[in-house]
Amino acid sequence: MTNQILRLPDVRRLTGLSTSTIYAMMAEGRFPRPVRLGKRAVGWPSDTMNKWLTSRNLTREGQ
């Protein structure tokens, strides 16, 4: 399976989070940082996002 790069609209759909929430969580260290794709473009590796979502679900189940 190839590791795709997810752009912000994809990440928003995947997580259900708004843009401002994503960037606020990144500032707090609670959301993965994107990788730079160009001067004005960033994206998140799909495997990174899948791991983050899995860890978030495990944390919720442990509460």
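Here Thr2 meets the list (1) exposed (fewer than 13 other Cβ atoms within 10 Å of the Cβ); (2) at pLDDT 95 or above almost entirely, failing just condition (2). Taking residues in the range 32-61 that are under 16 Å from Gly16 (Cα atoms), and partners anywhere that are assigned to a loop (DSSP other than H, G, I, E, B) and at pLDDT below 95, the pairs with Cβ atoms closer than 6 Å and at least 6 places apart or on different chains are Ser46/Asn3. The single condition among (1) over 8 Å from the mean Cα position of the chain (by Cα); (2) surrounded by 14 or more Cβ atoms within 10 Å (Cβ to Cβ); (3) in contact (Cβ under 8 Å) with a residue 24 or more places away in the chain that Leu17 does not meet is (3).
From Gly43, Gly29, grab the single residue that is on the phi > 0 side of the Ramachandran plot and either at pLDDT 95 or above or over 12 Å from the mean Cα position of the chain (by Cα) (or both). Quick ask: steps written out before the conclusion?
On the way: Gly43 fails: on the phi > 0 side of the Ramachandran plot.
Within the list Gly43, Gly29, the selection yields Gly29.
The values are calculated or read from the model by the stated rules, or taken from the named source; none is laboratory data. None of the values given here were measured: they were computed from a predicted structure. Glycine gets a Cβ as well: all are built from the backbone with ideal geometry, and neighbour counts include every protein chain shown.
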